[in-house]
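The values are calculated or read from the model by the stated rules, or taken from the named source; none is laboratory data. Predicted model only: the values in this text are computed from it and were never measured. Backbone-built Cβ (ideal geometry, glycine too); neighbour counts: all protein chains shown.
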Amino acid sequence: MGFSIAFIAFLIFGAPIAFVLGLASATYIAIAGKFSWAVMAQRMFSIVDSFPLLAVPFFILAAKLMEESGILDSLLELADALVGHVRGGLAHVNIAASMLFAGITGSPTADTAAIGSILIPAMEKDGYETDFSAAVTVASSTIGPIIPPSIPMVIYAMCEGRVSVAALFLAGVIPGILVGLTQMVVAYFISIKKGYSATRTGFVSLKEFVVIFARSFLALLMPLIILGGIFSGIFTPTEAAAAAVGYALIIGFFVTRKLKVRSLVRHLLDTAVVTSVVMFVLAGSSIFGWLITVEMVPQRIASLILEFSRNPLVFLLLVNIFLLIVGCFMNTTAAIVILTPILSPIATSLGIDPLHFGFVVVMNLIIGQITPPVGSCLFVVMGICNTTMERVTKALLPFLAVEIGVLFLITYVPIVTLWLPTVLGFH
């Protein structure tokens, strides 16, 4: 009881989630009096002392370097060549660019900041409402960590232990494409209603498309290096992330020549700050999750759920509802670390495939990045344009609805996620 009260109290007072988890855990250790304080330090250190987690700063840095190198401009040009002729052209370019940029970032906030800073002003200038422009940017940013690479998937694989990062990456390809296509359908109908036009008439010529594709080839090569290296067995995910950084440095310094030593230092510092936040959340989540485990909370929750129903379809429905709510209030990293040891064993006992269940968990919590009150992407987009969370959230609802629809599709039709990993021999 004291544990719950401390957690809720610190949360209400507005403490950052890492502090909430750490302070609640420390409060419980002090009150219970049956754990050594050394355990807290050991648990917090042990989770961040992990080779697979090195992929996180490397993926973050690679995305920053590629953006600085001017690669994003070529991706936006390619996206426009592919979908700019459709009604509501810039909205479709926004979504398509997120699908292409997803192969580089693995982070929804990076996607929101990079693409939003360029396309939201362009959409406003072209007559699009600010709220709609922001909503499209926020909604499409969730494609980033669904289509590989994906930082949340790396963290889930580390916490779960039985699911490989490569298998999770492959599981996200088809759902990520489905999310992008369904969002384009929503954008199309809203564009008809609002009277938004295409960026140009008709398709680009084959010759022009070849030229545009050639300019974007260096950007498209990045995900091929990352994913090709992982799936061929040449790289581990961590080594692939490091290779991506090396590739980005070569492109930035010697090809586009837009990357400077001064900006490299800034990106290194920014990466260190972002990584420290992720690791701090992981450390706080680790001790919190450990205390929950030793106090046998997972077993009690499991018995309650199994008493309610042993039907795996009902369990998956409850998990979706629960995680969508959790995503509204808790950081994705913290939620994965705390909830994976609780929910995964229950899913396994009900015969649910661990890879399928893992992707369902990750996608639920990724959606939480764009839902109020703590959706990080919402705060990023409000820093780009002059609007409020309430107005963006209202404009976001149709996109959120179709994304949840895709979530339930992959929940109850496992082949959508499992087909590609199975065909390529990773499942």
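In segment 390-419, the residue that is surrounded by the fewest Cβ atoms within 10 Å (Cβ to Cβ) out of those that are more than 20 Å from the chain's Cα centre (by Cα) and farther than 24 Å from Leu317 by Cα is Glu390.
For the condition farther than 26 Å from Val154 by Cα and aromatic (Phe, Trp, Tyr), what is the one hit in Phe231, Phe254? Write out each step before concluding.
Numbers: Phe231 fails: farther than 26 Å from Val154 by Cα.
Sole residue among the options that is farther than 26 Å from Val154 by Cα and aromatic (Phe, Trp, Tyr): Phe254.
In segment 182-202, the residues that are among the charged types (D, E, K, R) never reach a residue that is loosely packed, with under 13 Cβ neighbours inside 10 Å with C-beta atoms less than 6 angstrom apart, at least six apart or across chains. Candidates are the residues of segment 227-250 that are within 14 Å of Leu61 (Cα to Cα) and of a type outside the set (Gly, Ala, Ser); the one that is modelled with the lowest pLDDT is Thr238.
So, Ser140, is that one touching a residue at least 40 places away in the same chain (Cβ under 8 Å), under 17 Å from Leu407 (Cβ atoms), of a type in the set (S, T, N, Q) and part of a helix (DSSP H, G or I) or not? Steps first, answer last, please.
Numbers: touching a residue at least 40 places away in the same chain (Cβ under 8 Å): yes; under 17 Å from Leu407 (Cβ atoms): yes; of a type in the set (S, T, N, Q): yes; part of a helix (DSSP H, G or I): yes.
Answer is yes for this residue.
Could you say whether any residue in segment 401-419 is part of a helix (DSSP H, G or I), among the acidic types (Asp, Glu), over 14 Å from Met153 (Cα atoms) and at pLDDT below 90? Within segment 401-419, none of the residues are part of a helix (DSSP H, G or I), among the acidic types (Asp, Glu), over 14 Å from Met153 (Cα atoms) and at pLDDT below 90.
For segment 37-116, the helices (runs of 4 or more DSSP H) that sit wholly inside it and include 3 or more residues that are modelled with pLDDT under 85, closer than 25 Å to Ala171 by Cα and out of contact with any Pro (no Cβ under 8 Å at 6 or more places or on another chain) are 55-68.
Would a scan of segment 334-348 turn up a residue that is surrounded by fewer than 20 Cβ atoms within 10 Å (Cβ to Cβ) and assigned to a loop (DSSP other than H, G, I, E, B)? No: segment 334-348 contains no residue that is surrounded by fewer than 20 Cβ atoms within 10 Å (Cβ to Cβ) and assigned to a loop (DSSP other than H, G, I, E, B). Residue pairs whose Cβ atoms lie under 9 Å apart, sitting 6 or more positions apart in sequence or on different chains, and linking a residue in segment 71-89 that is on the phi > 0 side of the Ramachandran plot to a partner that is of a type in the set (Ser, Thr, Tyr), are Gly88/Tyr128; Gly88/Tyr188; Gly88/Ser191; Gly88/Tyr196; Gly88/Ser197. Looking only at residues in segment 102-128 that are touching a helix residue (DSSP H, G or I) at 6+ places or on another chain (Cβ under 7 Å) and of a type in the set (D, E, K, R), the one that is surrounded by the most Cβ atoms within 10 Å (Cβ to Cβ) is Asp111.
Taking the condition of being of a type in the set (Val, Ile, Thr), outside any helix (DSSP H, G or I) and surrounded by fewer than 14 Cβ atoms within 10 Å (Cβ to Cβ), how many residues in segment 229-267 meet it? Residues that pass the stated criteria total 1.
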